[in-house]
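**Student:** Just dropping this structure here.
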Amino acid sequence: MKSVSLLGVSLAALVLSACATTGSSDSGEAPETPRERKAMAQGLDPATVADPYPSTYRGLPRENMAIVGGTVFDGAGRRIENGVVIVTDGRIAAVGGASTPVPGGHRVIDARGRYVTPGIIDVHSHLGVYPSPGVQGMSDGNEATSPNTAQVWAEHSVWPQDPGFNTARAGGVTTLHILPGSANLFGGRGVTLRNIPSVTMQGMKFPGAPYTVKMACGENPSRVYGGRNTSPATGMGNMAGYRAAFISARDYKEKWDRWRETGEGTPPTRNLQMDTLVGVLDGSILIQNHCYRGDEMALMIDMSKEFGYRITTFHHATEAYKVAPLLARENICAAMWTGWWGFKMEALDGIEENVALVDAQQGSCAVVHSDDAELTQRLNQEAAAAVAAGRRAGLTITEEHAMSWITSNAARAIGIEDETGSLEAGKRADVVIWSANPFSVYARADQVYVDGGLAFDRADPAFQPLSDFELGQPGHGQTAAGVRQGAR
């Protein structure tokens, strides 16, 4: 027993001695510090490459100006007769009635007899990824090789020379949200562009706009992959595919979180597909969900609650009117057409009153979109048709309110409402001066400004940009209906 006690004392002494040598009280030596974590090789840590393809957008030459005398629809619900819009340093400085003071040195633009609105925002476009000419070599919008291609980014397919950008601008479109196609459950990331001429995608990329991801429910993914005798081949296969992907993303996120917290072991291998889905889970990447049927929208909402993310916008949404209270309650926008319906089974129940019925809900977010290179040139007319259909159904809809469907609500649907979408002080000066009421089929965009820079002028060929592709094409330089080439 005595020998055991001596052994215990000896061990205790060794422990105390060890403690003393690592402290600074007696030895004067600095304490040991945890070994520093070795830096990861460039490109392997997703936290360090959140924006690897940054915007180089600089905008067009601009001047300070005052647009006076026109009827102003400000995109936020106001109609101002004989209005004044002040633009200073590319931003809206003031909007008001005829008594609004015009600062010295501002060029005065006479808009009497015309209408002034925010620039139109098209939240669902494939310009640049399905450009003109529509040839196989330029068909870059669908990576239809796997049900989940969340790893691809639409911006890497954008061809800036697409003449569709120019024709859209002539229709008053100042901002476009470019999405991949809908063949897949997860089609990839979308990108928001400023509609100005550029030789690179980055030169059009909207600074600070959030990334988005395209999801597609319904017939498209089940038709594409069912036709290959692989999953998903049904609606239930679609749901299982989404859920499996989010389970994997949750696991991936946990592994990275654990490694960052402890620094132990080997870090996870970076996975581009999972990076995008983790962005959805943490709210930094906004879901843009192709979905026609009301019952499928409800399923997608339930799934978002299962995994703890939120849906920003349903696209096409031909049955949104059936679940309009649900969409308003969940703060989800619906981007819709007015007259497109019946071209496949899931679009069978589309009605022209859809936009107006969604809009009628308190807290709603109704948007009119194109999904088409030609319709994007006439989104004002598509919105006008929705107004007419709603009024026929007995709804009271003012034009100044409906303007939000293609401006401020559209900005909200893609997460840029703090920057553009309405003529309010501090926002970007994206402005269109129309020849007539924009809800008239006779209205044409006379001048289009992006960040206060003149991007299109129907009366001046010098401000009717052409892409390199258009130069030398048949009809180039010829007049059409007495209008010089370029004045679309």
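The values are calculated or read from the model by the stated rules, or taken from the named source; none is laboratory data. Values in this document were obtained by computation on a predicted structure and should not be read as measured data. With ideal geometry, Cβ positions are generated from the backbone for all residues, glycine too; neighbour counts draw on all protein chains shown. Calculation scope for accessible area: heavy atoms of the full protein, side chains included, ligands and nucleic acids excluded. Shrake-Rupley method; radii C 1.70, N 1.55, O 1.52, S 1.80 Å.
**Student:** Would you pull out the residues with amide H under 5 Å of CYS365's amide H, same chain only if 5 or more places away, H placed 1.01 Å from N?
**Tutor:** The list, which skips near neighbours in sequence, is ALA334.
**Student:** Quick one: order LYS38, LYS253, LYS322 from most to least accessible surface, probe 1.4 Å. It would help to have the intermediate numbers written out before the result.
**Tutor:** Details: LYS38 175, LYS253 50, LYS322 100 Å².
If we order LYS38, LYS253, LYS322 from most to least accessible, we get LYS38, LYS322, LYS253.
**Student:** Using modelled amide H (1.01 Å from N, peptide plane; none on Pro or chain starts), what sits under 5 Å from the amide H of ILE109, excluding residues fewer than 5 places away?
**Tutor:** Excluding prolines and chain starts, which carry no amide H, the hits are ALA66, ILE67, VAL68.
**Student:** While we're on this one: For the chain, give the magnitude of the charge dipole about the Cα centre (Cβ charges: +1 Lys/Arg, -1 Asp/Glu; no others), in debye to the nearest 20.
**Tutor:** Numbers: 42 positive and 52 negative charges, 12 e Å.
Dipole about the Cα centre, nearest 20: 60 debye.
**Student:** Using amide H atoms built 1.01 Å from N in the peptide plane, name the residues 5+ places from ALA94, or on other chains, whose amide H lies under 5 Å from its own.
**Tutor:** Correct list: ILE86.
**Student:** Hey, another quick one. Just how large is the dipole of the range 268-360 about the Cα centre, in debye to the nearest 20, putting +1 at every Lys and Arg Cβ and -1 at every Asp and Glu Cβ? Don't skip to the answer; put the middle values down first.
**Tutor:** Details: 7 positive and 13 negative charges, 49 e Å.
Here the range 268-360 has a charge dipole of around 240 debye.
**Student:** Select from TYR211, THR167, LEU185 the residue farthest towards the positive end of the dipole of the range 136-282; place +1 on Cβ of Lys and Arg, -1 on Cβ of Asp and Glu, and compute about the Cα centre.
**Tutor:** With unit charges placed on the Cβ atoms, the residue in question is THR167.
**Student:** May I pose another question? Restricting the count to DSSP beta bridges whose residues both fall in the chain, what percent are antiparallel, rounded to a multiple of 5? Let's see the in-between values first.
**Tutor:** On the way: 36 of 66 bridges.
Expressed as a percentage, antiparallel bridges in the chain total about 55.
**Student:** Run the helix sum for the chain: -39,500 (n - 2.57) per DSSP H stretch of 4+ residues, divided by residue count, reported at 222 nm to the nearest 500 deg cm²/dmol. List each step's numbers first, then the result.
**Tutor:** Details: 11 runs with 125 residues, N = 488.
Dividing the helical sum by the residues of the chain leaves -8000 deg cm²/dmol.
**Student:** To continue, here is another question. Tell me the Kirkwood radius of the range 344-451: reciprocal of the mean inverse pair distance over distinct alpha-carbon atoms, in Å.
**Tutor:** Working: mean 1/r = 0.0672 Å⁻¹.
For the range 344-451, inverting the mean 1/r across all distinct Cα pairs yields 14.9 Å.
**Student:** Let me ask you something else. Compute the accessible area per residue over the chain, keeping the other protein chains in place, probe 1.4 Å, unit Å².
**Tutor:** Values: 21830 Å² over 488 residues.
Heavy-atom accessible area per residue stands at 45 Å².
**Student:** Around TYR321, with a cut-off of 12 angstrom between Cβ atoms, what is the net charge of the other residues, counting Lys and Arg +1 and Asp and Glu -1? Write out the running numbers ahead of the final one.
**Tutor:** Numbers: positive: ARG293, LYS322; negative: GLU319, ASP349, GLU352, GLU353, ASP359.
Every neighbour counted, the sum reads -3.
**Student:** Roll a 1.4 Å probe over the protein heavy atoms and report the accessible area of TYR130 in Å², nearest 10.
**Tutor:** Its accessible surface works out to 80 Å², give or take rounding.
**Student:** Using only Cα atoms and rounding to the nearest 10 degrees, what angle (0 to 90) does helix 235-262 make with the longest principal axis of the chain?
**Tutor:** So the inclination is approximately 50 degrees.
**Student:** Between the alpha-carbon centers of the range 373-429 and the range 83-143, tell me the distance in whole angstrom.
**Tutor:** 13 Å
**Student:** Report ³J(HN,Hα) in whole Hz for each residue of the range 286-296, in order, from the Karplus equation J = 6.51 cos²θ - 1.76 cosθ + 1.60 where θ = phi - 60°; Gly and Pro get x.
**Tutor:** 3J(HN,Hα) across the range 286-296, in whole Hz: 8, 7, 10, 10, 4, 6, 8, 8, x, 5, 6.
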